[in-house]
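The structure's right below; bear with me while I get my questions together.
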Amino acid sequence: MWHNGAMLVLGIETSCDDTAAAVVEDAKTVRSNVIAAQDVHREFGGVVPELASRAHLDLISPTVERALIDAGVSFGDLDGIAVTRAPGLMGSLLVGVSYAKALGAALGKPVVGVNHIEAHLLAPLLEGAEFAFPLAGAVVSGGHSELFVVEGIGRYAIVGTTRDDAIGEAFDKVAKMLGLGFPGGPVIDRRSSNGDAARFDFPRAMLDSGNFDLSYSGLKTAVKRTLERYGEPHEDRLIDDVCASFQQAAIDVLLKKLEAVARAHGARSLSIGGGVACNRALRAGLAELAGRLGVPAFHPSPKLCADNGAMIALVGSLRLLRGEADGPDLEPVANLDESGLLDAAARA
Ligand code: KG4
Ligand code: ZN
């Protein structure tokens, strides 16, 4: 059925501020993975939706072409096109979905819409992860902080979420307060390694809430108050210590909640995905937690943690293998609750 016996799927991701495309073979091997970050948002310290969709329009064709060249395949070799359908910024999603539908129609190839959050959750499968179910997972990024129980591929339950800011958003806002630029996660991660995480006792919200929800706005405000006490300009020592103390507080709560989910649901493995899953302290904490629980833990390598087309191609490939495809009526959906992720249980 597949070209030369291998199934080649192009994955396209445009849900936020990265234009990304990748080719994945047989739902497991990444043949190429191209991510064109949009620099236009840096000066605004956050993603500007109108600028994002315009940049996707400029970048999508060259990004897809580069992904095919890197993979050494031509359009005709593809067995299908996977595209992020939801959730995300509506204007940004529309660029990817419209492009994928037009390409599919021109090539006569199937197009499959993919849920971005499912793709973050399953990304470790591209690096040989062997999930044991139930799996306790977290998707942590600039727009998401969700805790999941996964009973199997396609069987997801969200058991906790943030009441206010996403964890990556908190990293980005704290970095902005410190004048460290955007996105904030990578630089806070770096500076934390020189800082004293015990210097500031920032609040760990919701630890006694009796549920698996998170909250990051109080932590952000506590950092703001602390910085106001010192006045500007901030000394390097202060910046390093605030970074380390903030990062530790943000991660502590996430890991405690993930542990609670794992214990309550008898998880047999753990997984984290999304941009914040690049964080080195979080990865170290996850490994420590997995050791204590006696279960394996997974996280993608950095290029598969942040938004990328390979994870989209992976989930699209799994859908194609199940004989599923979408028609010309495929439409983007901005909201996670309306994205059909949890209804996926029905098809597993
Ligand atoms: O998944 P992603 O690329 O895009 C979204 O869907 O949001 O995640 C981007 C987020 C940003 O908030 C960024 O600051 C954060 O991930 N991030 C990190 C690290 N690398 C990226 N946060 C903490 N530590 C990092 N090393
Ligand atoms: Zn994402």
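Any read-out appearing in this document is the output of simple, stated calculations on the displayed coordinates, not a laboratory observation. Keep in mind that what you see is a predicted model, and the values were worked out from it rather than measured. Please note: Cβ atoms are built from the backbone with ideal geometry, for glycine as well, and neighbour counts cover all protein chains shown.
Using per-residue counts of other Cβ atoms within 10 Å, averaged over each peptide, order 294-300, 93-99 from highest down. List each step's numbers first, then the result.
Values: 294-300: 19.0, 93-99: 22.7.
Descending packing order for the listed peptides: 93-99, 294-300.
How high is the relative contact order of segment 110-267, in percent, with contacts defined as C-alpha pairs under 8 Å that are six or more residues apart? Mind dumping the intermediate values first?
Values: 248 pairs, mean separation 38.9, N = 158.
That works out to 25 percent.
Add +1 for every Lys or Arg and -1 for every Asp or Glu among the other residues with Cβ under 12 Å from the Cβ of L304, and state the total.
Residues close to L304 contribute a combined charge of -2.
Further, regarding this structure: Would you work out if segment 1-87 is rounded, prolate or oblate? Take a ≥ b ≥ c from the square roots of the eigenvalues of the alpha-carbon gyration tensor; rounded if a/c is under 1.5, else prolate when a/b is larger than b/c, oblate otherwise.
Values: a/c = 2.83, a/b = 2.38, b/c = 1.19.
In terms of gyration-tensor shape, prolate.
Then there is this: If you consider only alpha-carbon coordinates, what radius of gyration and Dmax does segment 131-295 have, in Å?
15.8, 51
Across the chain, how many lysine pairs separated by 8 or more positions, or lying on different chains, have Cα atoms within less than 14 Å? Please report the intermediate quantities before stating the final value.
Numbers: K101/K109; K173/K220; K173/K224; K176/K220; K176/K224.
Counting lysine pairs in the chain gives 5.
Could you order peptides 110-120, 11-21 by the average number of other Cβ atoms within 10 Å of their residues, highest first? Working shown, then result.
Values: 110-120: 26.5, 11-21: 29.7.
Ranking the peptides 110-120, 11-21 by packing returns 11-21, 110-120.
Please compute the contact order of the chain in relative form: average sequence separation of alpha-carbon pairs under 8 Å and at least six residues apart, divided by the residue count, as a percent. Intermediate results must be reported in sequence, preceding the final value.
Numbers: 770 pairs, mean separation 88.0, N = 348.
Worked out over the chain, it gives 25 percent.
Rounded to the nearest 0.05, what FRET efficiency do A6 and S209 have when you use their Cβ-Cβ distance and R0 = 45 Å?
Values: r = 48 Å, r/R0 = 1.07.
Given R0 = 45 Å and the Cβ-Cβ separation, E is 0.40.
Between S217 and R54, what FRET efficiency comes out of the Förster formula 1/(1 + (r/R0)^6) with R0 = 35 Å and r the beta carbon distance, rounded to 0.05?
0.70
Relative contact order of segment 1-128: what whole-number percent is it, with Cα pairs under 8 angstrom and at least 6 residues apart?
Numbers: 233 pairs, mean separation 37.7, N = 128.
Once divided by the residue count of segment 1-128, the mean separation gives 29 percent.
In segment 1-98, if the dipole is taken from +1 on Lys/Arg beta carbons and -1 on Asp/Glu beta carbons about the Cα centre, which of S32, L93, V48 is farthest to the positive end?
L93
Then there's this: What is the angle, in °, between the Cα long axis of helix 90-107 and the longest principal axis of the Cα atoms in the chain? Nearest 10 is fine, range 0 to 90.
The answer is roughly 20 degrees.
In degrees between 0 and 90, to the nearest 10, how far off the longest principal axis of the chain does helix 217-230 point, with axes built from Cα atoms?
Taking the Cα atoms of the chain, the angle to 217-230 is about 50 degrees.
I would also like to ask the following. In what sequence, highest mean first, do 193-204, 277-288 appear when ranked by Cβ atoms within 10 angstrom?
Values: 193-204: 15.6, 277-288: 18.9.
The packing order, highest mean first, is 277-288, 193-204.
Over all alpha-carbon pairs of the chain, lay out the pair-distance distribution in 20 Å bins, whole %, shortest bin first.
Reading the bins upward from 0: 32, 56, 12, 0.
How long is the gain from R155 to K303 if the chain were fully straight, where each residue apart is worth 0.36 nm and the alpha carbon distance is subtracted? It would help to have the intermediate numbers written out before the result.
Numbers: separation 148, 0.36 × 148 = 53.28 nm, distance 2.53 nm.
Extending this stretch completely gives an extra 50.7 nm.
To continue, here is another question. Obtain the nm distance between the two label points defined at E235 and M90 by a simple spin-label model: each point lies 7 Å from its Cα along the Cα-to-C-beta direction.
Those two pseudo-labels are separated by 5.0 nm.
Please compute the modelled spin-label separation between E65 and A264, points set 7 Å along Cα→Cβ, answer in nm with one decimal.
5.1 nm
Checking a compactness column here: for segment 248-305, what do you get for Rg(Cα) / (2.2 N^0.38 Å), N being the number of residues? Before the final figure, lay out each step's value.
Working: Rg = 10.8 Å, N = 58, 2.2 N^0.38 = 10.3 Å.
The value comes to 1.05.
Hey, another quick one. What does the C-alpha gyration tensor say about the overall shape of segment 120-190? Classify as rounded when a/c is under 1.5, otherwise prolate if a/b is larger than b/c, or oblate.
Working: a/c = 4.06, a/b = 1.93, b/c = 2.10.
The shape class here is oblate.
While we're on this one: Can you tell me how much longer the chain between N335 and D77 gets when fully stretched, taken as 0.36 nm per residue apart minus their C-alpha distance, in nm with one decimal? It would help to have the intermediate numbers written out before the result.
Values: separation 258, 0.36 × 258 = 92.88 nm, distance 3.35 nm.
Between N335 and D77, full extension yields 89.5 nm more.
Return one number: the angle in degrees, 0 to 90 and rounded to the nearest 10, between the long axis of the Cα atoms of helix 167-177 and the longest principal axis of the Cα atoms of the chain.
Long axis of 167-177 versus the principal axis of the chain: about 60 degrees.
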